[in-house]
Amino acid sequence: MKIVFMGTPEIAIPFFRKLLENGHEIRLVISQPDKPVGRGMKIIPTPVKEFALKNNIPVYQPLKIREDEKALEKIKEVNPELIVVVAYGQIIPPSIIYYPPFGAINVHFSLLPKYRGAAPVQWAILNGERKTGVTIFKLNEKMDEGDILSQREIEILPDEKASHLENRLSEIGAELLVETISLLKQGKIKPKKQDHSLATYAPRLKKENGIIDWKKDSNIIHRMVRAFDVWPSAYFFMKNKRIKIIEGKAVEPFSDVSDLLPGQIWKIDKNGIYIVCGNSTLFLIEKLQPEGKGIMSAYSFSLGARLKPGDKI
């Protein structure tokens with residue numbers, strides 16, 4: 001099938017690759033504009049753009065696709081049968097959505113109508129969901145509300161981080177995408193309307209989402225560390241310096257900790273720093289990253305910071 005592929009981050013590449021491997025003709029790639037990265041603010045191409053250029057596929061990068069008249073012109077020039085959208089990152093106008101004969105389809109990392117929005121994987125982990133999945137649906141003018149073409153459900157593993165879950169979903173979703181396109185072309189899929197009364201939402205993450213409140217149960221804090229592993233990270237402040245938790249877990253108290261307040265250190269050993277949390281629960285910090293420094297073991301940090309049991313962080 002002749003396709004325009006719209007995507008930006010690394011997570012979209014397995015879908016891109018799978019389409020090529022299955023003989024689909026990707027005639028144009030639309031990606032977000034390149035952005036400066038790192039301290040040197042060097043302009044780096046988006047992962048999808050880089051992959052497209054390696055495969056000699058033309059790329060167009062509108063600043064705002066809703067206001068860019070050339071975007072539709074570029075699409076018309078290649079005359080696609082279908083537009084495939086995977087983590088593109090902008091709202092696509094109806095003039096583009098409905099232009100190809102098969103319209104535009106989107107890959108979403110949740111079991112719609114649950115977790116509509118920009119961060120479905122993170123919010124599913126944060127809310128303690130045991131299952132999630134991939135949905136492929138027809139785009140319309142509303143956010144993640146289009147008719148469902150196919151879905152695949154998977155279990156969320158007990159200690160799985162968001163980045164690992166996204167990688168699993170991308171591999172599973174890529175297989176589902178090629179199956180769905182084949183059935184769509186054959187007319188063997190009947191789109192299913194979403195039950196909007198069951199919708200939940202996964203809004204875009206903000207930096208402040210990662211701030212740890214030690215009054216919360218340690219299991220909630222464990223889910224924060226897993227959900228925010230890439231960004232914004234789960235973090236706390238010590239002496240006005242931000243400290244990210246890289247690895248950690250909820251642990252059973254070895255003795256009564258009810259005489260300590262949330263945020264106090266119960267114990268320090270070579271496994272790390274044990275912090276008292278809400279409901280007299282414990283969280284073990286194993287690895288962390290102080291502001292401006294590299295990742296280190298929590299035990300090494302405790303020695304340098306001269307922390308001791310009873311200290312409050």
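Every read-out reported here was derived from the displayed coordinates using simple, explicitly stated rules and does not represent laboratory data. This structure is a prediction, so every number in the text was calculated from the model and none was measured. No Cβ is skipped: glycine too gets one built from the backbone with ideal geometry, and neighbour counts run over all protein chains shown.
Some observations on this one:
- Eligible aspartates and glutamates near LYS241 by straight Cα distance, threshold 12 Å, same-chain separation 8 or greater: GLU291
- Links that overshoot a 19 Å alpha carbon limit, given the list LYS2/LYS74; LYS138/LYS192; LYS42/LYS161; LYS2/LYS142: LYS42/LYS161; LYS2/LYS142
- DSSP beta bridges confined to the chain are antiparallel in about 70 percent of cases.
- Across LYS131/LYS206; LYS206/LYS249; LYS206/LYS312; LYS49/LYS114; LYS64/LYS287; LYS114/LYS267, pairs whose alpha-carbon gap is larger than 32 Å: LYS64/LYS287; LYS114/LYS267
- Among PRO290, ILE212, HIS196 the positive-end extreme of the charge dipole of segment 175-313 (Cβ point charges): HIS196
- Built amide H within the under 5 Å cut-off of LEU139, gap 5+: ALA104, ILE105, ASN106
- Annotation: extensible slack from LYS312 through VAL78 equals 78.1 nm (criterion: 0.36 nm per residue apart, minus Cα-Cα distance).
- Relative contact order, percent, segment 207-305 [alpha-carbon distance under 8 Å, six or more residues apart]: 27
- The C-alpha atoms of the chain define a longest principal axis, and helix 218-227 lies at about 40 degrees to it.
- Taking amide hydrogens as placed 1.01 Å from N in the peptide plane, the amide H of ILE246 sits under 5 Å from those of LYS287, LEU288, GLN289, each at least 5 positions away in sequence or on another chain.
- A crude spin-label estimate for the pair VAL251 and ALA118, with each label 7 Å from Cα along the Cβ direction, gives 3.7 nm.
- Relative to the longest principal axis of the Cα atoms of the chain, the long axis of helix 162-185 makes an angle of roughly 20 degrees.
- Ranked by how many other beta carbons lie within 10 Å on average, peptides 116-123, 299-306 from highest: 116-123, 299-306
- Candidate cross-link partners of LYS190 among the aspartates and glutamates, defined by an alpha-carbon separation under 15 Å and a same-chain spacing of 8 or more, comprise ASP147, GLU179.
- The residue among SER182, GLY310, ILE96 whose Cα reaches farthest toward the positive pole of the charge dipole of the chain, with charges on the beta-carbon of Lys, Arg, Asp and Glu, is GLY310.
- The chain: relative contact order as a whole-number percent, Cα under 8 Å and 6+ apart: 13
- Whole-angstrom gap from segment 288-310 to segment 124-165, using each part's C-alpha centre: 36
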